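Colleague: What follows is a single structure, and I will ask about it in a moment.
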Amino acid sequence: MAIEKIDGGPVSQFRDLIKQVGHNRDTDVEFGTVLVGYPALSIQLDNAKFTLDADDVVVPQHLTNWTEKIAIKPQSVTIKLSEYTRQQQKTQSSSVMDAGMYADQIIGTLEIAELEIEHQNELVAGDRLVIVSAGEGQRYFVLDRIPAGGGTDGVQSVE
């Protein structure tokens, strides 16, 4: 089956792609808005009179706050400190050192075996979401956040 080129924004393209490939009656792609962020998550679907809470949806890790450990290989690095001005000072010989601009460098090997990165990407009120409902609305899976200006205003679920 050849898929036609689809015009429009990413959300419209995704919706139209599903229409071209075929609709699975057990799943629907829907759009929603986060009403309340974590920990009391509440999501309003565009085409529903009820709201979903944290127990009703599966949210992927990348839309939460989470910590990741990464390993770093030792690297030879040069760290250049920002420029600064030294103040005039008297030395032991009582001669005055002139103020001037200096930039120092530290050259060596940076040896960090492991770092932790904290991802702060949890859902917050106002976020627009792409959601898949499965089992005739019995289970909901958040696919991703829609960037601001993603163009989902007025977009209906695929039928």
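Colleague: Which residue pairs have Cβ atoms under 6 Å apart, sit 6 or more places apart or on different chains, and have a first residue in region 112-132 that is under 22 Å from residue 54 (Cα atoms) and of a type outside the set (S, T, N, Q) and a second that is in a loop (DSSP other than H, G, I, E, B) and modelled with pLDDT under 95?
Modeller: 122/38; 122/64; 123/37; 124/37; 125/37; 128/152
Colleague: Which number in (1) of a type outside the set (Val, Ile, Thr); (2) more than 17 Å from the chain's Cα centre (by Cα); (3) at pLDDT 80 or above marks the one condition that residue 113 misses?
Modeller: (3)
Colleague: Let me ask something else. For region 57-75, does any single residue satisfy the condition of being modelled with pLDDT under 75 and among the aromatic types (Phe, Trp, Tyr)?
Modeller: No: region 57-75 contains no residue that is modelled with pLDDT under 75 and among the aromatic types (Phe, Trp, Tyr).
Colleague: Would you be able to say whether some residue in region 124-136 is on the phi < 0 side of the Ramachandran plot, under 28 Å from the mean Cα position of the chain (by Cα), modelled with pLDDT of 70 or more and surrounded by fewer than 10 Cβ atoms within 10 Å (Cβ to Cβ)?
Modeller: First, the residues of region 124-136 that are on the phi < 0 side of the Ramachandran plot: 124-125, 127-134.
Checking which are under 28 Å from the mean Cα position of the chain (by Cα) leaves us with 124-125, 127-134.
Checking which are modelled with pLDDT of 70 or more leaves us with 124-125, 127-134.
Narrowing further to those that are surrounded by fewer than 10 Cβ atoms within 10 Å (Cβ to Cβ): none.
No: zero hits.
Colleague: Note down all Cβ pairs under 7 Å where the first residue falls in region 41-52 and is within 15 Å of residue 31 (Cβ to Cβ), the second is at pLDDT below 95 and part of a loop (DSSP other than H, G, I, E, B), and they're at least six residues apart or on different chains.
Modeller: Qualifying pairs under 7 Å: 47/156; 47/157.
The values are calculated or read from the model by the stated rules, or taken from the named source; none is laboratory data. All figures in this text were calculated on a predicted structure; none of them were measured in a lab. Cβ atoms come from the backbone with ideal geometry, glycine included; neighbour counts cover every protein chain shown.
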